[in-house]
Amino acid sequence: MVYRYLIPALFVWLWSTGFIGAKYGLPYAEPFTLLLIRMLLTLSVLAGLAWWLNVRWPDWRGAGHLAVTGLLVHGCYLGGVYYAILGGMPSGVVSLIVGLQPVVTGVAAVAILREGIGVRQWAGLLLGLVGVSLVVVEKMVLSTDTLGGFPLWTLAWAALALFGISLGTVYQKRHGTHVELVPGTIIQYAAASMFFALGAFAWETRAVEWHLQLQLSMAWLVLGVSIGAILLLMWLIRRGAANRVASLFYLVPPVTALEAFWAFDERLGVLAMAGGVVSIIGVALVVAPPKDV
């Protein structure tokens, strides 16, 4: 069926643009401040949608599970990505590090969800890991330009983002698949908003320069990523195994790298492009439906 391939492809593209939008917006606001504004704007849109759809809200127990997912998938992930980019890590490199998510999610899915992963799927996950590693090696080891010159502390933020999105995906699969998408997403964003508010008031000046570039990037981050990409992600998690959904994140780094080349002139060499192809092959192995016996 067409949606089997169209929706994952649309999700990968929308998700990849989040790294580009972050780099466009961060010169004009600090990370937690920017994310708090983004969450509040998104909540206002989703609240109107929830009212129009007359959605059914979960009980307190279900809401608690969704809040945990929100802190992991949105709070830790977005906070880590934004602070890594603010620290000077190129958006393409950030996407490569968090692109290791399928391996972390695959291990967590086996340990927590008891999901069965076949030999072909493990081969695909490892092949995707090899592909991402090739790009990281070129960017961080072989590169002679300034792209590799970012502080080591930014790796800690990128690692926070990686483990947040990985554990959040597994947690959502276990506890949040029986809740309607819109109210579930609202609760997740509300929890993340409180997290960002604490960070913004504790560590940041909360100064915002409403430059046109910030306004445009904010509009896209809200509508295209926070609403479009996240609703697609939750739909995909609901309909598929956690490790299969996570494997799509292997496609994000090469797509982000192409966008970063076009937007910021972040260049890729032969090794990095080969890594992108290897990642795509790995994803194909994981998501391809099993053959009938």
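The values are calculated or read from the model by the stated rules, or taken from the named source; none is laboratory data. Bear in mind the structure is a predicted one, so any value in this text is a computation, not a measurement. Here Cβ is always computed from backbone atoms with ideal geometry, including for glycine, and neighbour counts include all displayed protein chains. Side chains are part of the model used for accessible areas, which takes the heavy atoms of the whole protein and leaves out ligands, DNA and RNA. Shrake-Rupley method; radii C 1.70, N 1.55, O 1.52, S 1.80 Å.
Which distance in nm do the two modelled labels at Arg61 and Glu180 give, with both placed 7 Å along the Cα-to-Cβ direction?
2.1
Going by average Cβ density within 10 Å per residue, which order do the peptides 40-46, 55-61, 220-226 take, highest to lowest?
Per-residue mean Cβ counts within 10 Å order the peptides as 220-226, 40-46, 55-61.
What FRET efficiency comes out for Trp203 versus Ala156 if R0 is 22 angstrom and r is the Cβ-Cβ distance? Round to the nearest 0.05.
Result of the calculation: an efficiency of 0.90.
May I ask you to give the percent of accessible area on the stretch 161-206 that is carbon plus sulfur, with a probe radius of 1.4 Å? Walk me through the intermediate numbers first.
Details: 1350 of 1970 Å².
Taking all protein chains in place, the stretch 161-206 shows 69 percent carbon and sulfur surface.
So how far apart, in nm, are the two label points at Phe261 and Ala47 if each is 7 Å from Cα heading toward Cβ?
4.4
Any idea what log10 I(q)/I(0) is at q = 0.19, 0.24, 0.25 Å⁻¹ for the stretch 1-78, Debye with uniform C-alpha scatterers and no solvent?
The Debye formula, applied to the Cα set alone, gives -1.14, -1.20, -1.19.
Give the calculated FRET efficiency between Leu40 and Val270 to the nearest 0.05, with a Förster radius of 35 Å applied to their Cβ-Cβ distance.
0.20
Taking the mean number of other Cβ atoms within 10 Å as a proxy for protection, how do you rank 96-103, 195-202, 65-72, 256-263 from highest to lowest?
96-103, 65-72, 256-263, 195-202
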